[in-house]
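Everything below concerns the one structure shown next.
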Amino acid sequence: MKRINNSVIALSLFVGIANANAQEKKTLSLDEAVQLGIQNSKNLKIDAAKIEEATADLLEAKNRQLPELKVSGSYMYLPIKPNVDIKLPGVSGAGGPEVHQVLYGSANLSVPIYSGGRIKYGIQSAKYLVEASKLSTENDKIAIAYNVAQAYNNLFKANQSIKVFEENLAASQKRDETFLKMENNGLIARNDRLKANLQTSNIELQLLEAKNNYNIANINMDLLLGIPETTELEVDENYIEEGSDVKPVDFYVTEARENRKDLQALAQQRKAAELGSKAAKAENLPSIAFTGGYVAADIPKFLTIYNAVNVGIGISYNLSNLWKENSSLRQSKAREKQLAATDELLNDNIKLDVNREYQNTDYSKKRIAVFEKSAEQANENYRITKNKYDNGLATMTELLDADAAQIAANVGVINAKADAALAYRKLLQTTGTLTIK
């Protein structure tokens, strides 16, 4: 009885370990995969931190327009009696009180009235930079959406190749069984049967390679989506029907100019740089502020001051600006030139990218028709060759060559359709219109 219990326990442990090691299967549409990729992207987490940093800079700029209130206080102990000589008429300092401690406190208020526009320009510039950070994040999201689509496409192609090779391997193995019987009955030579076996082995190798590619693509997809790498993903095959309606290239160039987030982010940076130049010019202007203060002091047995309130207007001007060149202005102007040149370069690159991806999309669509025609020809060729072989009019080599060509053509059709769908998504990415649902 004890042995039975031990066996049951061992079996339970084995089943538990097997279940733990089993891969979880998950079916994902392309849109769901994109959402997961964006949700778990490490790059977007960095972008979020950059937006927080830019927002903090905006808060700092806004704080400069608020009143400054500073409070200070001091207590001093005087171990040695100081010499006190009062010069007021009729008051003698001789034999004055012993002073051993001093208490002093003050409060100062400053409210900016005029700063040459430095505060205003600083706030507006910081707002533009916050917007630029957000637009850069949107641009990164579109790039991530394409990267996920690319990984999804590789997974689909690998999975479809496995299906084709499995189907052909089953047919080839069945053919081997038939040829073995024919050899045993003296209907074919052993050499012909071995050629067929070699073809089966080649298909097995192709199937192993396809499965290896699938496993690598699956792990890459898992890591990209931020899910456990033991998850086995199943893709939705309908996505390869995308891109059936492609418009003229000028349409996509216009779309890119209107929707590219990196171009919009650069525009915000240029606005910020212009305001930076204005703020730098304002450094040569004086600053005016409303000031107020309160002072209290207590020197025991000698002097007490309370309610010493003062109000006024303070003017500040750095006279060294008269002979020092404004380096901040020169730096800001250089920044404006740099961003203007970057804008021109980016516009040229956008035109090139859109035209290149448009041509790639058109080429990919045309490839589908060619591969479909090739597959029809290969399938028909195999049918005819098989019929001729059965009637003794074709050799085994011709039959196996026709079979290999048929497999390659059918895999080519699948890959061509998948590549065309991916090329269309790449075109949408270059225009900044790749949909993120």
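Where does each of Met396, Met76, Met182 land when they are ordered by accessible area, with a 1.4 Å probe and the largest first?
The residues order as Met76, Met182, Met396, largest area first.
Could you work out the relative contact order of segment 209-331, using alpha carbon pairs under 8 angstrom and six or more residues apart, expressed as a whole percent?
17
Quick one: with all protein chains in place, what share of the accessible area of the chain is carbon or sulfur, to the nearest percent (1.4 Å probe)?
Summing carbon and sulfur atoms, their accessible area is 54 percent of the total for the chain.
Over segment 132-173, how many percent of alpha carbon pairs lie in each 5 Å bin up to the one with the longest distance?
6, 20, 13, 12, 11, 8, 9, 6, 5, 5, 2, 2, 0
Per residue, what accessible area does the chain have, given a 1.4 Å probe and all protein chains present, in Å²?
61
Among residues other than Val130 whose Cβ falls under 14 Å from its Cβ, what is the net charge (Lys/Arg +1, Asp/Glu -1)?
Working: positive: Lys50, Lys62, Lys127, Lys134, Lys271; negative: Asp47, Glu52, Glu53, Asp57, Glu60, Glu131, Glu138.
With Lys, Arg at +1 and Asp, Glu at -1, the neighbours total -2.
Classify segment 265-423 from the C-alpha gyration tensor, please: rounded if a/c falls under 1.5, else prolate or oblate depending on whether a/b exceeds b/c.
Prolate, because a/c is 1.5 or more and a/b exceeds b/c.
Show Phe371, Phe165, Phe302 ordered by accessible area, largest first, where the area counts protein heavy atoms only and the probe is 1.4 Å. Don't skip to the end; give the middle numbers.
Details: Phe371 60, Phe165 25, Phe302 85 Å².
Heavy-atom accessible area, descending, gives Phe302, Phe371, Phe165.
Could you give me the ³J(HN,Hα) list for segment 211-225, computed from phi with Karplus coefficients 6.51, -1.76, 1.60 and θ = phi - 60°, whole Hz, x at Gly and Pro?
5, 5, 4, 5, 4, 5, 4, 5, 5, 4, 5, 4, 5, 5, 8
With every protein chain left in place, what is the accessible area of Lys50 in Å² (1.4 Å probe, nearest 10)?
So the heavy atoms of Lys50 present about 110 Å² to solvent.
Using alpha-carbon pairs under 8 Å, 6+ residues apart, how would you state the relative contact order of the chain in percent? It would help to have the intermediate numbers written out before the result.
Values: 563 pairs, mean separation 106.0, N = 437.
After rounding, I find 24 percent.
Sort Arg64, Arg330, Arg367, Arg260 by accessible area with a 1.4 Å probe, largest first.
The most accessible residue leads, giving Arg330, Arg64, Arg367, Arg260.
Measuring from label point to label point, each 7 Å out along Cα→Cβ, what is the Asn63 to Leu393 span in nm?
About 9.1 nm separates the two model spin labels.
Using a Gaussian network model on the chain with a 10 Å cutoff between Cα atoms, which of Tyr389, Tyr306, Tyr146 fluctuates the most?
Top of the fluctuation ranking is Tyr306.
Taking the full set of protein chains and a 1.4 angstrom probe, give the accessible area of Leu36 in square angstrom, rounded to the nearest 10.
About 40 Å², rounded to the nearest 10.
When a/c is below 1.5 the answer is rounded, else prolate if a/b is larger than b/c, else oblate, so apply that to segment 278-329 with a ≥ b ≥ c taken from the square roots of the Cα gyration tensor eigenvalues.
Prolate, since a/c reaches 1.5 and a/b exceeds b/c.
The values are calculated or read from the model by the stated rules, or taken from the named source; none is laboratory data. Bear in mind the structure is a predicted one, so any value in this text is a computation, not a measurement. Glycine also receives a Cβ, built like all others from the backbone with ideal geometry; neighbour counts cover every protein chain displayed. Heads up: the accessible areas ignore ligands, DNA and RNA and are worked out on the full protein's heavy atoms, side chains in. Shrake-Rupley method; radii C 1.70, N 1.55, O 1.52, S 1.80 Å.
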